[in-house]
Amino acid sequence: MTSLLSVRDLVKYYTAGGLFGRATPPVRAVDGVSFDVGRGETLALVGESGCGKSSVGRTILRLQEPTSGEALYEGKDVFSLDRTELRQLRRRMQIIFQDPYSSLNPRMTVGAAIAEGIEIHRLAARPEIPGRVAALLEEVGLDPTYARRYPHEFSGGQRQRIGIARALAVQPAFIVCDEPVSALDVSVQAQVLNLLSDLQRQRGLSYLFIAHDLAVVRQIAHRIAVMYLGRIVEEGPTDQLLANPRHPYTVALLSAVPEPDPAARRARIVLSGDLPSPSSPPPGCHFHTRCFHPMKSDRCRTEIPVLRPVETTVAACHYAESTPRPAEVSVAQM
Amino acid sequence: MTRLLEAANLRVSFPGAGNSRFYPVDGVSFSLERGEMLALVGESGCGKSLTSLALLQLIPSPGRIESGSVIRLGETDVLALKGEELRRIRGRRIGMIFQDPMTSLNPVFTVGAQIVEGILAHFKVSSAEARQRALQLLQEVGIPDPAERLKSYPHQLSGGMRQRVMIAIALAAEPEILVADEPTTALDVTVQAQILEVLDSLRTRRGMAVLLITHDLGIVAGRADRVAVMYAGQIVEEAATPRLFANPSHPYTQGLFASVPRITGPLKRLNPIRGSVPAPAAWPTGCRFRPRCPQAFDRSETEPPLLPVEPEHRMRCWLAEEPNQGRRP
């Protein structure tokens, strides 16, 4: 698979001015992240709040400027484009958000919102636009007559479909999906996940799918990258990463997924403590303060582990070969 | 086991168009026993949160609890209480925690002051004793370095820690029942696991009953003793947890299970319920799930009561009487 997007050593720090002019340490939201997304492929970026996954998505679309690093889209560095080139790129790279309502203008009809991109990029002659809008609404499973209505008239699931139709309007090849189903009820969530899979197949789309829920991600992602405090700690093909996680954080995250099946009651690893602050992450391995690995040592506190191939994934743990599986972790080790 | 709480034919109404009223909670009955965890499960708009608020007469105006509704707490008729008597029930006998602890905590007082306030409101103790008690409570809910945390303000704590503080405040009054409305929905999964462990251990140690309101079947499995699934203002299926998970029988419950993505087992395309939840002002006639039900048949045009499926397992669907009727999905 040729990669459509290549991100290398992406860094995004947020510097706060500090109350009364005092300098505060920057928040290291993204701290050296590299990954590739192939054509027609879904890479999921998974992690808990504050891990930097959304910052990655926004930075590669230049919705915010990176601190350093590069993002090559079809070989061109997104971060060095001028305004005109960036506008061209926005046609190829789109984003859908968790809350589509906040990104829809309440005073613009659904039809006008979907048509906006087509008009800006002159993708169709004016008389053709209503037909295009109707086709897009049908493609996302909505009634074409909804074009005349306003966003507030729709449920959360319908709004997400409108957000998807609007993203598709400019015929993108790549879509950042930022927690697109997190705010939806389970039955609607399943509908939207199926829709995203179908659209990917029909249009050959690539997705960067940002989410916190591994069970959701399993439905849609070909590969998964797990983030913790601004870094990718493990990456691999979906089935391999879920079946044989090698980073202790992935193991803990996986064991914490609530599975609706009392019979399959798996060993739960309850991590101790809170996520450390991203403005002062622990030295060495960021995860060492909460890690349950029986071989945890001084090395974890001093030396940053690099991502390296271990069995079927790449993992950033000094002792990844002997990371216990959830079933092997005894209560005493937690 | 001793029956702590009984709700029968609970109905909550709000004014609708013209002089009409609509019923987001429409005939809900359940009971809770000492030390038991009952989960009320459903999607947004099913009436589960209003049901829990009704237990303490906390329905926001202009909503009201309809006459004919019954809530019994031991020997007390809760719906007959007013003013001071009602305040003695709220918190003291039935405690509540909500999804977002930040909105329930006062930002300008320390955590310690807020727990102490709760203790002093319910018990005649000295403030020194109350502070000692607050310290124990923070320990009990698993807050590290509790003496230091007593001096913290809410904004200085993480979401998981704030939810622990809320639990500690609820526990300060030593309630017999804790109502937990989506207590972990705003939290990350690893933190969610921590909070659920805390609730579980409190239940075992204190014999406190828990009414867990949630949309997530996953957190119910292996924790709740019994499950009641709500749809369109009614309980549509109820059973002991293992029975419900082994044999989900109402087509809505089956649809929910088919919609939930799984982390284990074979990977299948999700099979979601078609359409979306109807608005409370427009509950369908007959079986309320009929317009979305893949197994609806002619009898579904009449509203079914809760019918037995097997011992300790009931559902609001005529298929309980005529299992060969509806088409299997």
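We did not get these values from a lab; they are worked out from the coordinates using the rules stated. Nothing here was measured: the structure is a model prediction, and the numbers come from that model. No Cβ is skipped: glycine too gets one built from the backbone with ideal geometry, and neighbour counts run over all protein chains shown.
For segment B:25-102 versus segment A:67-146, the spacing of their alpha-carbon centroids is 46 Å. Summary value for chain B: 20 percent relative contact order, contacts being C-alpha pairs under 8 angstrom separated by 6+ residues.
Hey, for a label at B:ALA121 modelled as a point 7 Å past Cα toward Cβ, could you say which residues of segment B:159-177 have their backbone N under 15 Å away? Of the residues in segment B:159-177, B:166-175 have backbone N under 15 Å from the label point off B:ALA121. Computed from the alpha carbon positions, the gyration tensor of segment B:264-319 leads to an equivalent ellipsoid with semi-axes of 23, 19, 11 Å, biggest first. The spread of Cα positions in segment B:1-84, taken along each principal axis and listed from longest to shortest, comes to 47, 33, 20 Å. Using all pairs of distinct alpha-carbon atoms, the Kirkwood hydrodynamic radius of segment A:236-333 works out to 14.2 angstrom.
Given a 10 angstrom Cα cut-off, can you work out which residue in A:ARG290, A:ARG83, A:ARG107 is the most mobile in a GNM of chain A? Its mean-square fluctuation being the largest, the pick is A:ARG83. Counting every alpha-carbon pair across segment B:51-94, the share separated by more than 18 Å comes to 19%. Extent of segment B:71-154 along its three principal axes (Cα atoms, max minus min coordinate, largest first): 43, 31, 23 Å.
With each label modelled as a point 7 angstrom along the Cα→C-beta vector, the B:GLN136-B:ARG72 pair spans 3.4 nm.
In the protein assembly as shown, the ratio of gyration radius to Kirkwood radius, Rg to Rh, stands at 0.97 when only Cα atoms are counted.
Among the listed pairs A:LYS12/B:LYS48; A:LYS12/B:LYS151; A:LYS12/A:LYS296, a Cα-Cα separation exceeding 32 Å is found for A:LYS12/B:LYS48; A:LYS12/B:LYS151. Beta bridges assigned by DSSP with both partners in the protein assembly as shown are antiparallel in approximately 60 percent of cases. Computed across chain A, the Kirkwood hydrodynamic radius from all distinct Cα-Cα pairs reaches 21.3 Å. Calculated from the alpha-carbon coordinates, segment B:207-329 shows an Rg and a Dmax of 14.7, 46 Å respectively. At a Förster distance of 25 Å, what's the computed FRET efficiency of B:ASP100 paired with B:GLU197, Cβ-Cβ distance as r, to 0.05? Efficiency, rounded to the nearest 0.05: 0.75.
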